[in-house]
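The values are calculated or read from the model by the stated rules, or taken from the named source; none is laboratory data. Every value quoted in this text rests on a predicted model; they were computed, and no experiment measured them. A quick note on method: Cβ atoms are made from the backbone with ideal geometry, for glycine too, and the neighbour counts reach across all protein chains shown.
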Amino acid sequence: MIPRVTATVDLAALRHNLGVVRRLAPRSRVMAAVKADAYGHGAVPVARTLEAAGVDALAVACLEEAMQLRQARVQAPIALLEGVISSEEAAQAVYERLQIVVHDHWQIALLEQLPASARLSVWFKLDSGMHRLGFPLTEVPRLVETLRRHPGWSFQGWMTHLACADEPDNPFTDEQIARFEAALAGIPGPRSIANSAGLIAWPRARTDWVRPGLALYGCSPMPGSTGAELGLKPAMRLESRIIAVREYASGEGIGYGLTYRCPERMRIGVVAIGYADGMHRAFRNGTPVLIRGRRAYLAGRVSMDMITVDLREVPDACVGDPVLLWGDALPAEEIAQWAGTLSYELFCGLTQRVHFRHLDAAGAR
């Protein structure tokens with residue numbers, strides 16, 4: 001059976017990108033974000049690749065994501081970025097040797113219900129200005145006292161998250177870092193600040209731990225740039241194929257709502273991908289795809305199972321030709337702009353109808 005839509009993930013690219021991260025922050029340990037199914041790239045093969053490459057830790061959002069990795073025999077340290085939400089989850093996290101990121105006092109209360117013999121591993125998350133999760137910075141003395149009350153807890157460190165790191169000219173990132181540093185002045189424990197944007201654009205954020213996500217998958221978190229410009233290699237190629245070619249007269253409308261009108265007599269290709277595969281309906285006329293190494297352009301609305309493209313720039317295109325939606329030759333950062341979104345959402349939006357292949361130097365997995 002020939003897959004309609006294939007996402008090919010290059011595991012060697014992940015290792016390359018981890019190397020770029022290490023060169024940017026040579027004195028930092030690396031906690032790789034593999035939450036949300038490794039940003040849509042496949043959590044288990046990605047985690048196994050990064051673990052084999054020597055990453056220091058992995059980060060997921062929740063216990064369910066961590067359990068998927070443990071059941072796949074991933075042994076690397078795993079941090080739960082949202083922590084735990086019940087005493088049952090807390091007990092399971094201890095059993096699975098997970099690091100619990102604690103962001104509120106009610107979570108501390110949950111952990112204190114565990115037996116004194118429980119081997120807890122915790123981070124404390126501080127809110128330095130993002131105003132999402134995290135203890136107010138004024139709570140640091142109280143948190144230090146909590147650690148004193150629980151000498152058996154294995155304290156991993158202090159973390160915070162940056163709100164505007166992808167805006168190099170925005171002074172708020174420096175303000176956040178300064179607040180975080182001031183709140184922890186003289187207090188022991190590793191620090192973790194940088195996400196991908198912080199790692200790339202803010203050297204002060206390269207502390208004891210960095211937490212790259214998007215950069216590991218080969219995309220730039222910085223507006224107006226691509227991963228390749230930063231020395232990164234895109235890890236994913238999304239491809240489909242042409243399943244029909246038709247010729248229409250000038251003025252004919254294409255697709256639902258006839259939102260595209262042929263400006264001249266022209267060939268239209270029908271490609272087997274739609275919003276049921278993760279091709280956003282918000283993509284506008286003119287969104288590029290790549291056929292035979294040349295750009296063709298979306299002509300008409302994205303439908304559930306198909307898109308239609310203007311083939312005037314690829315006159316030799318025919319049924320069966322592969323169509324690249326994004327990948328090394330067509331950056332996801334560029335394509336995302338045509339739907340008014342980010343590459344994060346493109347990757348995470350792929351559905352179970354997409355066939356995934358994970359390739360390494362030895363071939364398909």
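Overview of values
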item: Sole exception among (1) assigned to a helix (DSSP H, G or I); (2) closer than 23 Å to R132 by Cβ for C164, by number; result: (1)
item: Count of residues meeting criterion [part of a strand (DSSP E or B) and either in contact with a Lys or Arg (Cβ under 6 Å, 6 or more places away or on another chain) or within 20 Å of Y344 (Cβ to Cβ) (or both)] in the range 258-288; result: 3
item: Unmet requirement for P212, which otherwise passes all of (1) outside any loop (DSSP other than H, G, I, E, B); (2) closer than 21 Å to V60 by Cβ; (3) not hydroxyl-bearing (S, T, Y); result: (1)
item: Among (1) touching a residue at least 24 places away in the same chain (Cβ under 8 Å); (2) more than 18 Å from the chain's Cα centre (by Cα), the one test that R281 misses; result: (1)
item: Residue match in the range 134-146 (condition: in the same structural domain as Q68 (by TED's automatic domain parsing), at pLDDT 95 or above and in contact with a His (Cβ under 7 Å, 6 or more places away or on another chain)); result: yes
item: Breaking point among (1) outside any helix (DSSP H, G or I); (2) over 15 Å from F347 (Cβ atoms); (3) not assigned by TED's automatic domain parsing to the domain that holds V319, for I200; result: (1)
item: Check on L80, in contact (Cβ under 8 Å) with a residue 40 or more places away in the chain, touching a strand residue (DSSP E or B) at 6+ places or on another chain (Cβ under 9 Å) and either assigned by TED's automatic domain parsing to the domain that holds N195 or surrounded by fewer than 14 Cβ atoms within 10 Å (Cβ to Cβ) (or both); result: no
item: Qualifying positions in the range 5-21 - buried (at least 19 other Cβ atoms within 10 Å of the Cβ) and either in contact with a strand residue (DSSP E or B) (Cβ under 8 Å, 6 or more places away or on another chain) or free of Cβ contacts under 8 Å to residues at least 24 places away in the same chain (or both); result: V5, A7, V9, D10, L11, L18, V21
item: The range 101-130 residues that are at positive phi and of a type in the set (D, E, K, R), paired with ones that are at pLDDT 95 or above and not in a strand (DSSP E or B) (beta carbon under 7 Å, 6 or more apart); result: none
item: Answer from F356, F347 - the residue that is outside any strand (DSSP E or B), among the aromatic types (F, W, Y) and either in the same structural domain as E247 (by TED's automatic domain parsing) or buried (at least 21 other Cβ atoms within 10 Å of the Cβ) (or both); result: F347
item: Meets criteria (among the small types (G, A, S) and not in a loop (DSSP other than H, G, I, E, B)) for A296; result: yes
item: Boolean, S117 is loosely packed, with under 14 Cβ neighbours inside 10 Å and in contact with a strand residue (DSSP E or B) (Cβ under 7 Å, 6 or more places away or on another chain); result: no
item: Count of the range 220-252 residues which are over 30 Å from A201 (Cα atoms) and either surrounded by 14 or more Cβ atoms within 10 Å (Cβ to Cβ) or in contact (Cβ under 8 Å) with a residue 40 or more places away in the chain (or both); result: 9
